[in-house]
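Comments concern the structure below.
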Amino acid sequence: MKRTLGTCYYPEHWPEAQWAEDATRMAEVGLTWVRIGEFAWSRLEPTPGDLRFDWLDRATETLGAAGLKVVLGTPTATPPRWMLDKHPDMLAVDAEGRPRGFGSRRHYCFSHEGYLRESARITRLLAERYGANPHVAAWQTDNEYGCHDTVVSYSDAARVAFRAWCTARYGTIKALNDAWGNVFWSMDYNEFNQIDLPTLTVTEPNPAHALAFRRFSSDQVARFNAVQVEIIRELSDAPISHNYMGREVAFDHYDTGRQMEIATWDSYPMGFLEDRIEADAAHKRRYARQGDPDFQAFHHDLYRAVGQGRWWVMEQQPGPVNWAPYNPTPLPGMPRLWAWEAFAHGAEAVCYFRWRQAPFAQEQMHAGMLRPDSAPAQAFHEAAQVARELADLPEVEAGQAPVGLVFDYAAAWAWAVQPQGRGQDYFRLVFETYRALRKLGQSVDILPPDTDDLTGYRLVLAPGAVTLSDRFQAAMAAHDGPVILGPRTNAKTAEMHMPVPLPPAIPGLDVTVARVESLRPDMPVPLAGGGHLHLWREELEGAEEVILATAEDGQPVAMRAGHVTYLGGWLDEAALIRLLSAALQETGVKTVAMPEGLRQRQAGGIRFLINYGAEPVTFEGVTLPPAGVHWMR
Ligand code: GAL
């Protein structure tokens, strides 16, 4: 497959006289794609019903005439101010009951029926006008669902919709009371109309109630997206996508992913390093101009799964951003490296955000490919280099990785609803597992929790997957390669009860989690053979072989029966690497200790080496400069 580049452009921000020159320059740099439209509602419909699509016609025509392909975004992330006059109750409401007002973006509640109709209306108008436009080669729904914490809303609209959702899910109020365990503290309801949203309770709400609300909130996102997808699909043959985020778990991306052809995501490596990763100051300092060496790769693999193979980077950091706690400039070569890393993980396209830095409003301090005065900035030059290199690149295929790692959004909600201690976070656990695998040189596929076929995987892991699906359990039983479960895997039922027989309750595995504890950060437990348990510990009972134990008293930490291992604790990196390298070597997968900052990915027949380090590194006879990328057959 031919890999391509693109950018994000806002014709409505610039004088029309500038568009043609911009388009020509984009094409000259070697860009294929240009995404437009996703925030333009107030200029498409300045007052209700007054449609002004003529400028978008001309913008699309100008870009298309330069040979560019347009990704057209629906503008529903930014309803114009008049929309609030029409629908005063359309805003999302925060957990304290305050409306989240106008003046930035994403100011709507997914449950508001009136706004849903408005979003369907504008989507239909766009799809009717551009559905068959030869330059519109892909669509984007809305923009970054969940950004600025906008999935969960405690509005009246959400309350009404949640009651209907509960009625549909549980059927009778008795079934709901039983499912949630409402006998506890006399929380029983007499009818669905008494159910409130789980906020402003005296102490914590019932975790089953809170989990149901998370599930509902996720379903509302999928419902909102499906409405746009159906309309576009009816009127256009172009593929449909949505641009997801880094470390956003408030809705189940596999659900929306199944609705569309392509998953895309917005990759801001340096912003993420500063505000989205648990790491010490030394790590953040070391990678301050590069971003974390595993965070982007994790999301590339995650969104490859969400897109069922087809995925892009829709927004690639071009230079300093404006929104992280610190916003340094990238090391020379990083905008190029980030693009290459995405291609190495199978991205079809990488689009730099944005074409020209806007000298006004919230993001005026956010770099673009061009400076505000239209002079080329860092990403302009580096994108041109990537375009030249892509012309010579042999075909890259993502290929199946030897390792499969389950990522389950519902598990993230269950951990959040009942953490049982500070710092307990599902994403962090899975990401640390991913990082350890990468430090051993592994390429990884992320697997959805309902994966029903593990064929081809040499090692499968499902850490922290709170409720294992029947499909996955059947796949596991049919699979003959090693599977590592735990900690907290299969620890709760889907309704947030502790199951009896006690977890993990895997047929054929005589292991029982007898007791659990969360640990203060200063309470690590040393393990025999090196490394520590920290944060979370389980007491394991059972007759199976002990493969990891505590140093002091030899208590089992990991036990195994045949190909299934259960890990009863949160391992630090040293212990995790020990466990994983043993499991990999046993199944015949070669492991390598990757030097600091260097990572590799096997993409079909091509092996990529990527140096996130600020120093040159030599590995297997190849020397990579800082921000270096190297590929070989
Ligand atoms: C993304 C968003 C863009 C822009 C960008 C800035 O989250 O989709 O519209 O705000 O961040 O880094």
How much FRET efficiency would the formula 1/(1 + (r/R0)^6) give for ASP89 and TRP185, where r is the Cβ-Cβ distance and R0 is 22 Å, rounded to 0.05? 0.10
Round to the nearest 10 and report in Å² the accessible area of LYS492, as given by a 1.4 Å probe over the protein chains' heavy atoms. 40 Å²
Check the straight Cα-Cα distances from LYS69 and name the aspartates and glutamates below 12 Å, setting aside those fewer than 8 residues away within the same chain. GLU61
Among the aspartates and glutamates, select those whose C-alpha is under 17 Å from the C-alpha of LYS86, and discard any that sit fewer than 8 residues away in the same chain. GLU45, ASP50, GLU113, GLU118, ASP156
What is the ratio of the Cα radius of gyration of the chain to 2.2 N^0.38 Å, with N the residue count, to two decimals? 0.98
Subtracting the Cα-Cα distance from 0.36 nm times the residue separation, let me have the gained length for ASN327 to GLU620 in nm, one decimal. 102.0 nm
Note down the magnitude of the dipole of segment 403-586 about its Cα centre, charges +1 on Lys and Arg C-beta and -1 on Asp and Glu C-beta and zero elsewhere, to the nearest 20 debye. 460 debye
Ordered by number, the chymotrypsin sites (Phe, Trp or Tyr not before Pro) in segment 4-86 that occupy a DSSP loop and have at most 13 other Cβ atoms within 10 Å are none
Counting only protein heavy atoms and rolling a 1.4 Å probe, one gets per residue an accessible area for the chain in Å² of 38 Å²
When the chain is fully extended, how far beyond the present Cα-Cα distance does GLN420 get from GLN400, taking 0.36 nm per residue of separation? 3.6 nm
Nearest-0.05 FRET efficiency for VAL160 and ALA282, computed from C-beta distance (R0 56 Å): 0.65
Once neighbouring chains are kept in place and the probe is 1.4 Å, which whole percent of the accessible area of the chain is contributed by carbon and sulfur? 52 percent
Ordering of 512-518, 89-95 by burial proxy (mean other Cβ atoms within 10 Å per residue, highest first): 89-95, 512-518
Which percentage, to the nearest 5, of the DSSP beta bridges contained in the chain is antiparallel? 45 percent
Magnitude of the charge dipole, the chain, Cβ model with Lys/Arg +1 and Asp/Glu -1, debye to 20: 840 debye
Projecting each Cα onto the charge dipole of segment 572-633 (Lys/Arg +1, Asp/Glu -1 at the beta carbon, about the Cα centre), which of MET632, LEU584, THR618 comes out farthest on the positive side? MET632
Put +1 on the Cβ of every Lys and Arg and -1 on every Asp and Glu Cβ in segment 408-558; which of PRO524, ILE506, PRO448 then has its Cα farthest towards the positive end of the dipole? PRO524
7 Å from Cα along Cα→Cβ at both GLU16 and VAL500: what's the point-to-point distance in nm? 7.4 nm
Hey, can you rank 219-230, 622-633, 363-374 by average C-beta count inside 10 Å, highest first? 219-230, 363-374, 622-633
Give the relative contact order (percent, whole number) for segment 588-633; include only Cα pairs under 8 Å separated by 6+ residues. 32 percent
From the cross-link list LYS439/LYS492; LYS2/LYS284; LYS174/LYS492, which pairs have alpha carbons spaced over 25 Å apart? LYS439/LYS492; LYS2/LYS284
According to a simple spin-label model (label point 7 Å from Cα along Cα-to-Cβ), what is the distance in nm between THR201 and ARG471? 3.1 nm
Could you check the spin-label model distance between ILE547 and HIS148? Points 7 Å from the Cα along Cα→Cβ, value in nm. 4.8 nm
Taking the Cβ of ARG458 as the center, what net charge do the other residues with Cβ under 15 Å away carry, scoring Lys and Arg +1 and Asp and Glu -1? -3
Length released on extending from ASP54 to GLN308, taking residue separation times 0.36 nm less the Cα-Cα span: 87.8 nm
How high is the relative contact order of the chain, in percent, counting Cα pairs under 8 Å that sit 6 or more residues apart? 11 percent
Report the net charge of residues surrounding GLN600, where surrounding means a beta-carbon distance below 10 angstrom and charges are Lys +1, Arg +1, Asp -1, Glu -1. +3
For the ranges 572-584, 446-458, 328-340, 194-206, what's the packing order if you count other beta-carbon atoms within 10 Å of each residue, average per peptide, and put the highest first? 328-340, 572-584, 446-458, 194-206
Within-10-Å neighbourhood charge of SER518 [Cβ basis; K, R +1; D, E -1]: +2
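The values are calculated or read from the model by the stated rules, or taken from the named source; none is laboratory data. For clarity, every value in this text was computed on a predicted model and none was experimentally measured. Methodologically, a virtual Cβ is constructed for each residue, glycine included, from the backbone with ideal geometry; neighbour enumeration extends over all protein chains shown. Heavy atoms of the whole protein, side chains included, go into the accessibility calculation; ligands, DNA and RNA do not. Shrake-Rupley method; radii C 1.70, N 1.55, O 1.52, S 1.80 Å.
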